[in-house]
Amino acid sequence: MGRTPRLFRRTSVMDALDGMFLAFSAVAAGWFAYLLLVDGVRPGQTLLLVVFWVFVAYLLLPRLHRIFTHIYLPDYFIGQARTSDGRIGDPVNLAWRGREAQLHKVMSTAEWVRADDLDFRAGRRIVTSTLSRRSYPEAPVSPLVLFDRQQDFAYEREVAGSPSRRHHVRFWRCPEGWMLPGGFAVDWLAAATYDRRVGLSTFTLQVTHKIDAHVDVERDFVVSSVTRAVPAVDVSVIDHFSSGYHSRNGGGDVVETDGDLPVVDVSRVEVVDQDLPTHTDSRRRLPAPTVFGAGVAAARSISYVVLFVLLLVSPASVSAGLDLLGTDIATRDVRGVVLPVSTVLAVSGLVDLALAVGVLRGSNTARLLLMSICVVVTIVAFLGADGRPDQFALTHLPTVGVNILVILALSSHRARDFATHARQPTVTTRTRLPA
């Protein structure tokens with residue numbers, strides 16, 4: 001089988017730059033995790049061990065997985081999605097024919113609820129619903145990747161109001177002109193699984209949902225629910241589309257399937273197009289990593305402005321504050337450097353603000369420049385400490401850690417996709433009706 005076609009291709013220079021940032025982020029994250037561990041084992045710093053686990057489980061290990069799986073996993077369709085950090089994910093066990101509006105109509109008629117996108121608003125609602133023990137039927141599902149992008153949308157059914165158990169199915173639009181192995185033409189592929197409980201991922205130590213091993217049962221449940229609710233839906237089956245297997249997904253959960261692939265045809269379902277969304281592309285949604293990176297740049301710009309004002313109004317207070325923090329640049333008399341320092345602060349603030357706006361607008365140049373600044377700050381901090389953790393005061397860790405977090409966020413798969421696709425023209429697929 002050939003490589004999965006990409007809808008858009010960056011230049012080789014951009015690919016090389018992204019690869020370098022990806023590698024640097026892993027090295028810097030490993031170094032920072034080491035600093036956290038060294039400081040965490042000191043008396044009175046136990047809380048840093050919790051920070052160390054969060055950093056390793058949610059940032060360092062996923063980044064290492066991303067790098068290694070890019071090397072050894074094939075970049076073509078193998079009948080399984082991949083996790084956001086590149087590991088093998090859930091099996092693709094459903095195919096669909098029809099327009100997006102028809103698919104939404106069928107799923108909603110069958111009493112499936114569309115899952116919210118995973119963003120800060122949804123994250124806040126997850127926290128509040130968990131603390132208040134309230135149901136959240138539209139809770140986001142974790143991102144899985146197919147065709148080099150995360151799912152375009154997902155539908156789910158909550159079970160007895162439990163946040164740990166639910167039916168859910170993710171959908172990906174197929175690229176224009178792409179066909180399944182064997183020459184079968186479909187418009188959408190989907191992965192249906194059942195969350196049975198919450199637990200720790202075997203491979204990343206993250207808190208995640210554990211799926212039921214019998215994914216064929218969930219696949220058949222999705223098919224039966226839509227065919228009962230909408231008689232116009234037709235279903236055919238590609239027998240033994242893939243070999244039946246027992247394996248594990250990216251979270252370490254056992255998966256069993258017979259390899260059959262139902263093809264659900266919703267092209268005869270009548271819809272009013274203007275009443276339903278007609279094109280969804282996950283790469284055009286503003287992702288949380290992009291918001292985080294831009295937010296840090298904006299916050300840093302505000303801090304520069306504050307320091308700029310304080311330096312002009314009361315330089316002595318700035319000097320006292322620097323002495324309190326124990327920084328090397330503190331001096332008892334800063335009046336002689338007010339002009340050059342304030343100029344640097346003003347320029348830095350304007351640059352960070354401009355880059356923050358550019359990143360939010362989907363500028364790939366702004367993303368690369370912001371990461372470059374963070375790389376320089378991180379390298380300077382490392383060289384200043386001579387690579388020795390005992391030269392790093394706790395006051396330095398947040399500053400360096402934030403810069404590393406920005407590099408990790410903006411070099412992520414979702415942030416890169418948004419920056420390289422947000423301004424590209426939309427590519428649509430046309431429904432291929434049977435002859």
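Numbers below:
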quantity: Ranked Ser225, Ser236, criterion: other C-beta atoms within 10 Å, fewest first; calculated: Ser236, Ser225
quantity: Amide H contacts of Thr257 (H built 1.01 Å from N, under 5 Å, at least 5 apart or other chain); calculated: Tyr245
quantity: Label-zone membership for the range 72-106, site Val237, 7 angstrom Cα→C-beta point, backbone N under 18 Å; calculated: 92-97
quantity: Potential extension, Leu350-Ser224 segment - 0.36 nm per residue separation minus Cα distance; calculated: 39.6 nm
quantity: Simple spin-label estimate for Met179 and Arg361 in nanometres, 7 Å along Cα-Cβ; calculated: 4.4 nm
quantity: Residue-count net charge about Asp239 - beta-carbon cut-off 12 Å; Lys, Arg +1, Asp, Glu -1; calculated: -2
quantity: Residues Trp31, Trp96, Trp188, sorted so that the one with the fewest Cβ neighbours within 10 Å comes first; calculated: Trp31, Trp188, Trp96
quantity: Positive minus negative residues near Leu103 (Lys, Arg vs Asp, Glu; Cβ under 12 Å); calculated: +1
quantity: Amide proton proximity set for Ile211, modelled H, under 5 Å, gap of 5+; calculated: Arg196
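Read-outs: derived from the displayed coordinates by stated rules, not from any lab. Keep in mind the model is a prediction, meaning the values are calculated, not measured. As a convention, Cβ positions derive from the backbone with ideal geometry for all residues, glycine included, and neighbour counts pool all protein chains shown.
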